[in-house]
Every structure is written in structure tokens, then in C-alpha cells.
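A quick write-up on the structure given underneath.
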Amino acid sequence: MFSRVARPVLGFGRSLSTTPPSNARVAVLGASGGIGQPLSLLLKNSPVVSHLALYDIAHTPGVAADLSHIETRAKVTGHIGAEQLPEAVKGCDVVVIPAGVPRKPGMTRDDLFNTNATIVANLTEACARHSPTAMICIISNPVNSTIPITSEVFKKHGVYNPNRIFGVTTLDIVRANTFIAELKGLDPARVNVPVIGGHAGKTIIPVVSQCTPKVEFPQDQLEALTGRIQEAGTEVVKAKAGAGSATLSMAYAGARFVFSLLDAMNGKEGVVECSFVRSEETECPYFSTPLLLGKNGIEKNLGVGKLSAFEEKMVAEAMTELKASIKKGEEFVKNMK
Ligand code: NAD
Ligand code: LMR
């Protein structure tokens, strides 16, 4: 049943690598967690990863031993505790960070700030010191603040390159594709809808008017769809009833983003993903839009494109919250000892 010759990357319709295997070294920081473990499994299954370095404050020796028995080429190393962090990130092409606490029912993503800001600042400080040219992909919430935190940390160390720092919002796109496909009876693997803005509630802005294939909804249905995409994280938090937030779909989305990035770094042309990044496309200093990826990260920001009046209104309404979350992240690093 399993062909040893033609074993594909696990079911990634849209990001199945067509480029030759590379020698990418990828680190996952927070590798023992609900996202970290399945994300590491997907990365281990990829022929483009040659070394997978797993870091966490707990359980990484076990996770690494377990994954290392899988018959794929990536060498797996486990690193535990702050003293082993430099070794984990050294020489990495890509560092993915899903470390930090998840929401419980009734919490907003911003309620995670007090705990996760410190975790992200400490981890990205190690990246700035020991892997300053790696692509940094931040999953930890609140993404609208953890990306500005990462940027400020890199600035502090004099190694800031905005083209290499990404807030992973891919799960919003994955959800939008799935929900639209369900409503229209389409194959989700063929649906592509950009989601712009940020990654929290009203800052998540699906651009259904730019969906391919073209889809149309009556306004009430469009508003219900938009609301479901914006609150999809909360839908999972409620369903898990205190046991955390999205982990498996996030691992899929995180792997999709990393594989796209690695494909582009390997020279594949035309790779586009949305991500929350430093931006000059709107009045907001960080904003998610479709990005053309290349060897050095962001090759070109493709901007927001043509928006409907409904989408323009959502962008305008997201600005105050987005700017406040960004400022909060920037101030946090300025006030760090
Ligand atoms: P989890 O609690 O299951 O796992 C978190 C892991 O981080 C744990 O293994 C923990 O030991 C580790 N950790 C804690 N402090 C650390 C440190 N200083 N260094 C290294 N590792 C550390 O949580 P989870 O469900 O995997 O979620 C992780 C984060 O991802 C949360 O902040 C969550 O809100 C966020 N998230 C983001 C998205 C997104 O779309 N960007 C989607 C889902 C979840
Ligand atoms: C998500 O969108 O699933 C994540 O941001 C986790 C959360 O807290 O909702």
C-alpha cells in the first residue's frame, strides 16, 4: 500500500513540493505542545527537511526519540531547557514558534499577552543572537502583538530584516477555503480565498470578492460566513471546552506555510501566501496581505487588491484594534529589562 519510492508529502494538495529535496534545517520551538507535536510530524514527513531541531521546556527528548524512528531523511534532535536553546536554533533556515499558552473558553487572544509576550521575546532573542538570518514564523498568540515583539527584539540586536519575520495566519485561509467549499459544494483543495488584516476577531478579514473560483453570496449569507471565519478559533476553543484551542488544523496550516516558504527559498516561482508582516500597504504598520515569497523571504507584497465596499469597511473598522495590539507589543519590548 505504501510505496517507498513515491511517498508524497502528506496530502498537501496546494503545497506539494515539486522542487528537488533541499537541505533545510528547521527548528520548532514549543515542539512538545498540542500544535508542536503534529507540526513536527508533518515536517518530519517532508523530503525537503534534512534536520528537524525540536525545542521545548518539557518532553522534547521523548518527542524527538519517537519522531526519529520515522523512515524519512530528516535527522531529528531534541533540545530541552534554556541552556539548549542556542544549539536548537543555530544554523536554521526556518524557525517555527508555536510556544505559549492557548485560550480557554471566555478568553480573548489578547488575554494571552502577559504570558506569551515574555515567551516569544525570549525565544526570538535567542534567534536574533544565534540564527539572525533564519525565516521566523510565529504561531504564538496574540499574533497581532507577537510579530511586533519579534521585530523589536531583532531591531534591538541590530539584525532586523522585515522580509524574514512572518505571523502565521494560514489557518484563517484554510478555514475560509473549507467553509466556502462546504457552502458551494466545491473541492476545498481548489478554493483560494485571501484573508487579510490580522489574526483576532474583527481584524480577520476574508476577501471573498477575490475568491477563486469566483463565488457569490447574498449579503446576509456573506455576513454569516465572514463571522464564522472570524470566530472559527473560538468555535474550536468552545468545542474543546477548556482543553485548549486549534492544534491539528493549526499544525496543517503551519506546515503548509513552512513548505511554501521552503519551496520559494528553493527557487520555486509564483509561491504566494498571506501572512501578518511589516507592511506599507495600509495605514497600519503591520498587516496581512498576499505575499510573493522568494529565496530571501518576502519578494513582493501583493497588497490588498480590489476590495468590495463591505471589505473596505471591515478594513477601516479593524484599524483601531490592530494599531493598539501592535503598539502594545512594541511597548513591551521597549520596557523590557
Ligand atoms: P500547548 O499548551 O499545547 O503547547 C505549548 C507548548 O509551548 C508546550 O509544550 C509548552 O511546554 C511550550 N512552552 C511554554 N513555554 C515555553 C518556552 N519558554 N519555550 C519553549 N516552549 C515553551 O499550546 P498549543 O495549543 O500548542 O498552542 C500554542 C500557541 O499557539 C498558543 O499561544 C495558541 O494561542 C497559538 N495558536 C495560534 C494559532 C494561529 O493561527 N496563529 C492557531 C492555534 C493556536
Ligand atoms: C485560532 O485561530 O484557532 C487560534 O488563534 C487559537 C485561538 O485562540 O483561537
Could you please give the count of residues in the stretch 228-267 that are under 22 Å from Val48 (Cβ atoms), among the hydrophobic types (A, V, I, L, M, F, W, C) and surrounded by fewer than 16 Cβ atoms within 10 Å (Cβ to Cβ)?
-> 1
Checking Ala128, Ala53 in turn, the sole residue that is in a strand (DSSP E or B) and either within 9 Å of ligand 1 (Cβ to nearest atom) or small (Gly, Ala, Ser) (or both) turns out to be Ala53
Working only within the stretch 201-227, note down all residues that are surrounded by 22 or more Cβ atoms within 10 Å (Cβ to Cβ) and either of a type in the set (Asp, Glu) or within 22 Å of Val258 (Cβ to Cβ) (or both).
-> Ile204
Please work out which one of (1) more than 16 Å from ligand 2 (Cβ to nearest atom); (2) without any contact (Cβ under 8 Å) to a residue 40 or more places away in the chain; (3) in contact with a Ser or Thr (Cβ under 7 Å, 6 or more places away or on another chain) is the condition Val101 fails and give its number.
-> (1)
Which one of these does Ala243 not meet: (1) near ligand 1 (Cβ under 10 Å from one of its atoms); (2) in contact (Cβ under 8 Å) with a residue 12 or more places away in the chain?
-> (2)
For the stretch 122-142, which residues satisfy the criterion of being closer than 18 Å to Gly36 by Cα and crowded, with 19+ Cβ neighbours inside 10 Å?
-> Leu123, Thr124, Cys127, Met135, Ile136, Cys137, Ile138, Ile139, Ser140, Asn141, Pro142
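Matching residues to (1) among the small types (Gly, Ala, Ser); (2) touching a strand residue (DSSP E or B) at 6+ places or on another chain (Cβ under 7 Å); (3) more than 16 Å from ligand 2 (Cβ to nearest atom):
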{"site": "Arg164", "(1), (2), (3)": "no, yes, yes"}
{"site": "Gly167", "(1), (2), (3)": "yes, yes, no"}
{"site": "Arg175", "(1), (2), (3)": "no, no, no"}
{"site": "Phe179", "(1), (2), (3)": "no, no, no"}
{"site": "Pro194", "(1), (2), (3)": "no, yes, yes"}
{"site": "Thr203", "(1), (2), (3)": "no, yes, no"}
{"site": "Val207", "(1), (2), (3)": "no, yes, yes"}
Identify, please: which residue in the stretch 143-176 is more than 22 Å from Leu293 (Cα to Cα) and open to solvent by less than 10 Å² (accessible area, probe 1.4 Å) and is, among those, farthest from the chain's Cα centre (by Cα)?
-> Val153
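For the stretch 308-326, which positions are in contact (Cβ under 8 Å) with a residue 24 or more places away in the chain and out of contact with any helix residue (DSSP H, G or I) (no Cβ under 8 Å at 6 or more places or on another chain)? Break it down into steps so the answer makes sense when it comes.
Start the filter on the stretch 308-326 by keeping residues that are in contact (Cβ under 8 Å) with a residue 24 or more places away in the chain, which leaves 308, 310-311, 314-315, 317-319, 321-323, 325-326.
Passing the criteria: Val315, Met319, Lys323.
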Kindly indicate whether Pro38 is open to solvent by 20 Å² or more (accessible area, probe 1.4 Å) and part of a loop (DSSP other than H, G, I, E, B).
-> no
Considering every residue within the stretch 67-75, establish whether at least one is among the β-branched types (Val, Ile, Thr), modelled with pLDDT of 95 or more, over 25 Å from Asn141 (Cβ atoms) and open to solvent by less than 40 Å² (accessible area, probe 1.4 Å).
-> yes
Hey, does the stretch 79-97 have a residue that's within 16 Å of ligand 2 (Cβ to nearest atom) and either closer than 19 Å to Asn23 by Cα or at pLDDT 95 or above (or both)?
-> yes
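Which ranges mark the strands (runs of 3 or more DSSP E) fully within the stretch 268-337 that have 2 or more residues being open to solvent by 50 Å² or more (accessible area, probe 1.4 Å) and either charged (D, E, K, R) or touching a Gly at 6+ places or on another chain (Cβ under 8 Å) (or both)?
Output list reads 297-301.
The values are calculated or read from the model by the stated rules, or taken from the named source; none is laboratory data. From a predicted model like this one, the values you see are computed outputs, not experimental measurements. Cβ: placed from backbone, ideal geometry, glycine included. Neighbour counts: every protein chain shown. Keep in mind that these areas ignore ligands, DNA and RNA; they rest on the heavy atoms of the full protein, side chains included. Shrake-Rupley method; radii C 1.70, N 1.55, O 1.52, S 1.80 Å.
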